[in-house]
Every structure is written in C-alpha cells, then in structure tokens.
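Following: one structure in structure tokens, then a few remarks.
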Amino acid sequence: QLAQYNPGLCLITTRLAVDDIEHTVDKTTKRVYLENLEPPAGAQLLAHLGVKGTPKELRAAAKDFGGHALALNLLGNYLKALHKGEIRKRDLIPKLTVEEKHGGHARRVMQSYENWLAGKPELDVLSLMGLFDRPAEAGALAALRADPAVPGLTDALQDLPDDIWRYALKHLRDLRLLAAEQDPFDSAQGKRPDTLDCHPLVREHFGERLQQQHPHAWREAHSRLYDYYKTQAPELPDTLAEMEPLFAAVAHGCLAGKHREALDDVYWERIKRKDESFSTAKLGAFGADLAVLSNFFDPPWRQPAAGLTDADKAVVLGWAGFRLRALGRLREAAAPMQAGLELGIKVEDWAECSTRAGNISELFLTLGQAPQAVDTARQSVDFADRSGDGFEIMVSKTVLANALHQFGALGEAENLLRECEAMQQQRDPEYHYLYSARGFQFCDLLLSLGQVQEVLERAAQTLEWARAGGLSLLTRALDTLSLGRAHFLQAQSVPLSQRRATGGFGHALNYLNQAVAGLRESGQQWFVPNGLLARAAGGGRREEAAGAGAFADGREDS
C-alpha cells in the first residue's frame, strides 16, 4: 500500500524478498541489497570484537562463516568468552546439517551457545524469547514466570532472585544474544527499558528448539500469553493502536492450539465486532486484518488450520479472499474465495455461499472477465434464493445487475436495480435509495445512461446518510466519487457561460480528489483505480479548476 501511495518515507529491512512491490522498484521504491561482509571486512569485525589471530586466519574465519554479520558477531563474542579470543578454537563449533537453511552459519554458533549455557538461566531466557515475534514486554515475561511454573520452561526462572535475573540479561547482552538495554530516557516508539529484544534468527532458533524438545511447554506458554494479551486492550478497541494486543492474542492463541477460541472470542467478537467488520469497514485496516487471519492458516492462503470446523474454514477462506482482493492482490484472492465457496456448499450454508459467489463475481469483473462474472453472479442469486434470506436476495441481484452492466446489458441491469431498490424500501422505508457499494453501482449505471441529475440527487442524499450514520469509509468515498463524476459530466454538458453556476470542473475535481483520498483511507485498494481514472479524465480541465486547488497529484499516479 505504501509503495502505491505514501506522502512520506518508509524504510523496511527484511530477509525475504517483497515480491508485491517488484513493479514499483525505481518508480516509488528503491531497493538496496545488504550483502554479507567480504573476508577483509569480516576480519576487521572479528578483530574489533577481540578475536586474536593472524590477518589470514581472521579472513579465513570470516569466509568460513559466509560473512554473515550476526554469525560473526556471535562467533567473536563466543570465542572471547570461552577461549580467550583464540581464532583457532572456531573449529570446536559444530558443523550443522542445516547449513543450507537461511542463517545456518549463525545457527552453528547458537548451537554452541546452547551447549555452553545448558542448565543456566540464560538458556531459559532465550527460550522465552523464542515465544515472541516482537520485543517482549515486562508484563508478558512476568505472566510466563508466574506461579505455577511452566514445566520444561520456567521451572528455574519462577523463583529466580532479581539480581540473578538481571545478571543473566546482562550476560546475554554482552554476548550479543540480546539487544542492548534501552535508554530509559529514550521514548522512541514508546518502548520501555524493561523490554527485551533480540535478532529474529535468535528468536527462531530457540523457539524451534523449545517447540521440538518441549511441545507441551510451548503450547502452555503461548496459552498464557494469549490470556495475558487479551487483557491488555479495551473490550472493544476504537483504534489500531488499542487493538494491537488483540492481534498478539490471536497469534499466541493459535500457537497454543486454541484456534476456535481465538477466532470466536477475540477476532469475531472484539476485532471484527461481528457483522460490523469494525477493523476493516471503520478503520480500513485490511493489511493488519489479513495478517491476523494468517494465524488461522497453515500455510496461507490454501489450508485453514486443522483445529477449525468445516464451517469455520469456509468463513476464514472467504474473509481472506475478500481482504486479498481489497488490497489489490487479485490473483491471490481467487483460490481462497473459491475454496471457501466449495466448503460453504458442502455444509449447505446458502446465505454465505451467496456472499462468496458475489465476491468472486466482482473479482472476475476487476480482472476483466465479464462473462464469468455474469455466470457467477447468477449462481449467487441461486444460492440466495435457496437461503430464503431477503437481504441476501437483494444483494445478490445488485451484484448480478453490476455484472450485466459491465457486460453491456444496461436495460436488464437497470430493471434489476430498481427491483432491488423496491425491496430495500420495503425492508427499510427510511432509506428510499440503494446505498453503499450497491448505491454506487446504481449511480455508475445511471451515468452510463446519461441520467446525471438523478445521480446528483442520489449521491448527495446517500452521502448525507453515510455521514450521519457513521457508515464505512468506503461508503463515504464511493458517494463522493459518484458526485465528482456527475458534476464533471454536468460541467461538460453546459455552455461555458453557465459553468460557474454549476461549480464547473473545479467543483468536480474537488469531489474527485476527496474521493481518491477516501478510497485510499478505506484500505480497499481495488477500488482506488475508479477514483484515479475519474480524476484523470478531469486532468485536461485543470486550467478551469486552478482557483479551487483541485487537481493535486492526479496525473502522476493515474
């Protein structure tokens, strides 16, 4: 998302290639490869750490460990602590069969540390770090060390005196196995000085060791962290920052084998707020939400976790596909959407099947496959009819109408949408127009039919409803987009002398700029091109909009 649009600067470091942004390299993003150290530089690092040997021996050691910066740091401190810095003792570090595994050289040294620290509290601390995918805060560590002990993990740590605990932490920091202690006066990123952190490879190594050697302790520890993080957020968080502990709770709950409990009690009840879809509809946090959902898969996005029922599996597949589509990852979205539909058919949940088929139809449309979109939309209507759910019947018919519109059957599409609007008026007389995405699709059709004035009336009314009712970010952005498009077509259709009375192109472009900003804020990237294309159409009228400050950055990213 940031690679597509970001008014600031974002810097990330990663051990994995980010394929999603490959097409943006040298345009909006710059990629810098941080290569391993060359032997002369590696030799300098070892010498700096206090390792003794000839320049040739130091270069050979750096080459032997692949120039891997973490491996050389760990090696240097290991040799200094155990062998007075003698480089020739590096041969005592065992060769591992996982050498080809990423970070294998560092793991060789960590294996030696593991053997040396056996029976000491330092090794137990490293095992605790293996439970986290982020810095470990004091409260979480205290929950792990609380009574009763976690057999195989905290037996020796539970009653450990504070001075011995602090010494163990200092020893690990000296060895570079833990990150340096945070300055208590440094408030950057809100970290606390009692938070423990370490390199991801250190976490991975000791986490894998704990999971393999003490699987019961692994599950029990994650269960405790699940219970701890559930209590660190408000019951119904209103911001992403407040919601962060719940994201962590889901991750630890799934690692503890509590997939259904984490899905029902935390994700559905508190993150999603049931059918309100709060995290996505109100916060636009599709990326964060998708990351949370990944905990219910093994691997994403093909196989839901074994601890879920078939109905739950169908649901998380559908949710994952919807979020992948929202983020613009259209090809990835197809497989989980289709798998979720097939599981829904298996359990005969026809209302959910209608929703999933409708989502697949819209995906086909975005991919430019209109015939398949129409066929799948008709399937959605069939499932809705089987469910007997009046709301699903109405929604499925609007999906079909939109597909027919894009396929060129404008008359049939209009008839269907007016039928759906009558159904809505019967269900909820207060709202006499279709609204949200369904209202946008109706306005899109009406603009194709040249009915500009009707769109101006509809969109103004539905936008008022959206603002008054606190409807989703997407709803407000789509209403604004409909208004911008309608004002633009209206300005085109009147003589130049009359354009001031209607606001002209400047008025239209103001709405279109607001729409693009709103679509981005909604997190639904697959809708953003609608706003960009509409705004690009107004690019040639920039001179008439100059006084309104309307054009902004339209041409560059459209």
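Does segment 216-233 hold any residues that are open to solvent by less than 60 Å² (accessible area, probe 1.4 Å) and of a type outside the set (A, V, I, L, M), and which are they?
Initially, segment 216-233 is screened for residues open to solvent by less than 60 Å² (accessible area, probe 1.4 Å), giving 217-218, 221-226, 228-230, 233.
Listed by number, the residues that qualify are 218, 222, 223, 224, 226, 228, 229, 230.
Evaluation of residue 277 against the conditions (1) more than 23 Å from residue 141 (Cβ to Cβ); (2) in contact with an Asp or Glu (Cβ under 6 Å, 6 or more places away or on another chain) shows that the sole unmet condition is (2). Got at least one residue in segment 377-388 being in contact with a Leu (Cβ under 7 Å, 6 or more places away or on another chain), of a type in the set (Lys, Arg) and crowded, with 23+ Cβ neighbours inside 10 Å? No, segment 377-388 contains no residue that is in contact with a Leu (Cβ under 7 Å, 6 or more places away or on another chain), of a type in the set (Lys, Arg) and crowded, with 23+ Cβ neighbours inside 10 Å. Among the residues of segment 530-558, the ones that are at pLDDT 90 or above and surrounded by fewer than 15 Cβ atoms within 10 Å (Cβ to Cβ) come to 1 in all. Of all residues in segment 397-441, those being open to solvent by less than 40 Å² (accessible area, probe 1.4 Å), of a type in the set (A, V, I, L, M, F, W, C), at pLDDT 95 or above and in a helix (DSSP H, G or I) number 10.
So, of the residues in segment 204-247 that are polar (S, T, N, Q) and more than 26 Å from residue 290 (Cβ to Cβ), which turns out to be farthest from the chain's Cα centre (by Cα)?
Step one: filter segment 204-247 for residues polar (S, T, N, Q), giving 211-213, 223, 231-232, 239.
Next, from what is left, pick out any that are more than 26 Å from residue 290 (Cβ to Cβ): 212-213.
Details: 212: 29, 213: 32 Å.
Among those that are polar (S, T, N, Q) and more than 26 Å from residue 290 (Cβ to Cβ), it is 213.
In the set (1) over 22 Å from the mean Cα position of the chain (by Cα); (2) open to solvent by 40 Å² or more (accessible area, probe 1.4 Å), residue 331 fails one condition alone, (1). For segment 447-466, the set of residues classified as surrounded by 21 or more Cβ atoms within 10 Å (Cβ to Cβ) and either within 18 Å of residue 420 (Cβ to Cβ) or in contact with a strand residue (DSSP E or B) (Cβ under 6 Å, 6 or more places away or on another chain) (or both) consists of 455, 458, 459, 462, listed by residue number.
In this structure, does residue 323 turn out to be open to solvent by 50 Å² or more (accessible area, probe 1.4 Å), under 30 Å from residue 251 (Cα atoms) and under 18 Å from the mean Cα position of the chain (by Cα)? Talk me through it step by step, then tell me what you get.
Details: open to solvent by 50 Å² or more (accessible area, probe 1.4 Å): no; under 30 Å from residue 251 (Cα atoms): yes; under 18 Å from the mean Cα position of the chain (by Cα): yes.
In short, no.
Listed by first and then second residue, the pairs linking a residue in segment 516-527 that is more than 18 Å from residue 538 (Cβ to Cβ) and open to solvent by less than 10 Å² (accessible area, probe 1.4 Å) to a residue that is aromatic (Phe, Trp, Tyr) and in a helix (DSSP H, G or I), with Cβ atoms under 7 Å apart and 6 or more places separating them unless they lie on different chains, are 523/286. Scanning segment 234-255 for residues that are within 14 Å of residue 130 (Cβ to Cβ) and open to solvent by 70 Å² or more (accessible area, probe 1.4 Å) gives a single hit, 255.
Tell me, which residue of segment 66-95 that is of a type in the set (A, V, I, L, M, F, W, C) and open to solvent by 40 Å² or more (accessible area, probe 1.4 Å) is modelled with the lowest pLDDT?
92
Can you name the residue in segment 350-376 that is of a type in the set (S, T, N, Q) and surrounded by fewer than 18 Cβ atoms within 10 Å (Cβ to Cβ) and, of all such residues, is nearest to the chain's Cα centre (by Cα)? Let's see the steps before the verdict.
The initial filter retains those residues of segment 350-376 that are of a type in the set (S, T, N, Q), namely 354-355, 359, 361, 366, 369, 372, 376.
From what's left, surrounded by fewer than 18 Cβ atoms within 10 Å (Cβ to Cβ): 366, 369, 372.
Numbers: 366: 21, 369: 27, 372: 29 Å.
That would be 366.
Give the residue that is nearest to residue 292 (Cα to Cα), with candidates limited to residues of segment 124-159 that are among the hydrophobic types (A, V, I, L, M, F, W, C) and without any contact (Cβ under 8 Å) to a residue 24 or more places away in the chain.
By that ranking, first place goes to 142.
Does residue 46 satisfy being within 38 Å of the chain's Cα centre (by Cα), within 22 Å of residue 199 (Cβ to Cβ) and either open to solvent by 20 Å² or more (accessible area, probe 1.4 Å) or not charged (D, E, K, R) (or both)? The answer is no for residue 46.
Let's see how each residue does on (1) surrounded by 13 or more Cβ atoms within 10 Å (Cβ to Cβ); (2) at pLDDT below 95; (3) closer than 23 Å to residue 89 by Cα:
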residue	(1), (2), (3)
5	yes, yes, no
15	no, yes, no
26	no, yes, no
30	no, yes, no
35	no, yes, no
50	yes, yes, yes
55	no, yes, yes
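Within the bounds of segment 302-312, is there any residue that is in contact with a Lys or Arg (Cβ under 7 Å, 6 or more places away or on another chain), buried (at least 23 other Cβ atoms within 10 Å of the Cβ) and more than 26 Å from residue 473 (Cα to Cα)? Among the residues of segment 302-312, at least one is in contact with a Lys or Arg (Cβ under 7 Å, 6 or more places away or on another chain), buried (at least 23 other Cβ atoms within 10 Å of the Cβ) and more than 26 Å from residue 473 (Cα to Cα), which makes the answer yes.
With segment 254-371 as the region, which helices (runs of 4 or more DSSP H) entirely inside it contain at least 3 residues that are within 25 Å of residue 239 (Cα to Cα) and in contact (Cβ under 8 Å) with a residue 12 or more places away in the chain?
Values: elements: 286-293, 310-326, 330-347, 350-366.
Helices (runs of 4 or more DSSP H) meeting the threshold: 286-293, 310-326.
Looking at the structure I just gave you, is residue 347 open to solvent by 50 Å² or more (accessible area, probe 1.4 Å) and among the β-branched types (Val, Ile, Thr)? Yes, satisfied.
How many residues are among the hydroxyl-bearing types (Ser, Thr, Tyr), assigned to a loop (DSSP other than H, G, I, E, B) and under 20 Å from residue 329 (Cα atoms) if we restrict to segment 12-67? Number of matching residues: 1. Restricting attention to segment 191-215, and to residues there that are assigned to a helix (DSSP H, G or I) and either touching a Lys or Arg at 6+ places or on another chain (Cβ under 7 Å) or open to solvent by less than 10 Å² (accessible area, probe 1.4 Å) (or both), which single residue is farthest from residue 149 (Cα to Cα)? Among them, the one singled out is 201.
Out of the residues in segment 467-489 that are more than 17 Å from residue 538 (Cα to Cα) and small (Gly, Ala, Ser), which is most open to solvent (accessible area, probe 1.4 Å)? Only one residue tops the list, namely 468.
How many of the residues in segment 138-162 are assigned to a loop (DSSP other than H, G, I, E, B), open to solvent by 50 Å² or more (accessible area, probe 1.4 Å) and over 22 Å from residue 208 (Cα atoms)?
Our first condition is that a residue be assigned to a loop (DSSP other than H, G, I, E, B); within segment 138-162, this holds for 146-161.
Add one more test, that the residue is open to solvent by 50 Å² or more (accessible area, probe 1.4 Å), and what stays is 147-148, 151, 155-156, 159, 161.
Imposing the further condition that a residue be over 22 Å from residue 208 (Cα atoms) reduces the set to 147-148, 159, 161.
Number of matching residues: 4.
The values are calculated or read from the model by the stated rules, or taken from the named source; none is laboratory data. Predicted, not measured: the structure shown is a model, and the values here were computed from it. Heads up, the Cβs are rebuilt from the backbone with ideal geometry, glycines too, and the neighbour counts pull from every protein chain shown. For accessibility, only protein heavy atoms count, side chains too; no ligands or nucleic acids. Shrake-Rupley method; radii C 1.70, N 1.55, O 1.52, S 1.80 Å.
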